[in-house]
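For reference, the structure is listed below as structure tokens.
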Amino acid sequence: MNGSANGANGAGHFSTGRESAEMDLRGTSNLPSTVASVLPAVVGVRTTVPQDRRSAQTLGSEREGHGVLIGEDGLIVTIGYLIMEADTVTITDIDGHDRPAYIVGYDYESGFGLVRTEQPIRLAPMRFGDSDVLELRSEAFVAGLGGEKAALKVKVAGRREFAGYWEYLLDNAIFTVPAYPLWGGSALIGQDGSLLGIGSLLVQEALGPGSPAFPGNMYVPINRLKPIFDELVSKGRLSTPPRPWLGVLTVEHMGQLVVGGISDGGPADRAGLQRGDILHALDGEVLDDIADFYRKLWSAGPAGAAVTLKLERDNDTFDVTVRTGDRAQYHRFGSD
């Protein structure tokens, strides 16, 4: 698998590494003034999630990462898995002050989450840049909460498609090296001090398929947020019909698509799919890879559409029809 989301430890605490945050980032004090001046806009994000919510089993009931202040009213952008199903959100500013916040919006397709502090943060927000300017070998900076000591100069190792095992696909993800161990919700900042991306993953093959394994990070480009930003702020989610969702964690193994996990109570679970099933086709069309699987699934219609999967289990091949669902209805937020 080409990427891994930050994991929960044995205590059920989900973290992006801030417990070991005193990593060696010395030597970053030579930051351009344009970058150093915007670092106070990078904040800490801490959430709690009720134990009975579905994502608590995989992402933990306590999560910690970063976000970026983008509005004078306390609006903050972060990576969505930090806030998924959270009932409390706490923002920590560069001076160590904690502020309660609430969820404004979450978009499953891009992975962005928005929260807002209950009282405005009296710091200058970071402006959006143009993430399309980042090309192979472009230089940028990544930063978490903590100012210059939590900033790292990076290079772009690739701009390419990323298919996540959790029914997630980015057309033009940003891959950076070296790896930044505090990645979740961290800021990818351009030389001019503008926000170019939000940290999502630690990946082991940042240089791309066929290249030597080299750890790095995957950032969601900020340009992916721009066309949906206003609606996400005003409505909390997009009004476009939700994509069909199966609730399957898919991995590529030995050239085959294998069910690596199933969301309890999700569409695939209700249809009887099992871990270890091999996926061969969807609605009669052969599946080439994970990205191809998702594109064929999403072209089947909106959430609720039925799809037929050709599966292999114990050397037996058979078809299963699954009534897809809406992932947003599967998870709960706030006091729902």
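The values are calculated or read from the model by the stated rules, or taken from the named source; none is laboratory data. All figures in this text were calculated on a predicted structure; none of them were measured in a lab. Note that we place each Cβ from the backbone using ideal geometry, even for glycine, and neighbour counts take in every protein chain shown. The area values use the complete protein model at the heavy-atom level, side chains included, leaving out ligands, DNA and RNA. Shrake-Rupley method; radii C 1.70, N 1.55, O 1.52, S 1.80 Å.
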Of the candidates PRO100, PRO125, the one satisfying the condition of being open to solvent by 10 Å² or more (accessible area, probe 1.4 Å), assigned to a strand (DSSP E or B) and either touching a helix residue (DSSP H, G or I) at 6+ places or on another chain (Cβ under 6 Å) or farther than 15 Å from LEU201 by Cα (or both) is PRO100
Residue hits (the stretch 210-224; touching a residue at least 40 places away in the same chain (Cβ under 8 Å) and either exposed (fewer than 15 other Cβ atoms within 10 Å of the Cβ) or over 16 Å from GLY144 (Cα atoms) (or both)) are PHE214, PRO221, ILE222, ASN223, ARG224
Residue pairs qualifying under the 7 Å Cβ cut-off, at least six apart or on distinct chains, with the first in the stretch 225-248 being under 14 Å from GLY113 (Cβ atoms) and without any contact (Cβ under 8 Å) to a residue 40 or more places away in the chain and the second being of a type outside the set (Asp, Glu) and open to solvent by less than 50 Å² (accessible area, probe 1.4 Å), are none
* To do: Please verify whether the stretch 198-210 includes one or more residues that are hydroxyl-bearing (Ser, Thr, Tyr) and under 22 Å from MET126 (Cα atoms).
  => yes
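Condition check ((1) among the aromatic types (Phe, Trp, Tyr); (2) in a strand (DSSP E or B); (3) at pLDDT below 95) across all residues:
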site: ARG26; (1), (2), (3): no, no, yes
site: THR34; (1), (2), (3): no, no, no
site: VAL43; (1), (2), (3): no, yes, no
site: THR47; (1), (2), (3): no, yes, no
site: GLN51; (1), (2), (3): no, no, yes
site: ARG54; (1), (2), (3): no, no, yes
site: THR78; (1), (2), (3): no, yes, no
site: VAL89; (1), (2), (3): no, yes, no
site: ARG116; (1), (2), (3): no, yes, no
Item to complete: State yes or no: is SER55 under 22 Å from ALA150 (Cα atoms), open to solvent by less than 30 Å² (accessible area, probe 1.4 Å) and touching a helix residue (DSSP H, G or I) at 6+ places or on another chain (Cβ under 9 Å)?
Response: no
From the option list PHE128, PHE112, single residue qualifying as of a type in the set (Phe, Trp, Tyr) and closer than 17 Å to PRO40 by Cα is PHE128
Here the qualifying pairs (Cβ atoms under 8 Å; residues six or more apart or on different chains; first in the stretch 302-322 and assigned to a loop (DSSP other than H, G, I, E, B); second among the hydrophobic types (A, V, I, L, M, F, W, C)) come out as ALA303/TRP245
Taking the stretch 134-176 and keeping residues part of a helix (DSSP H, G or I), among the small types (Gly, Ala, Ser) and surrounded by fewer than 23 Cβ atoms within 10 Å (Cβ to Cβ) leaves GLY147
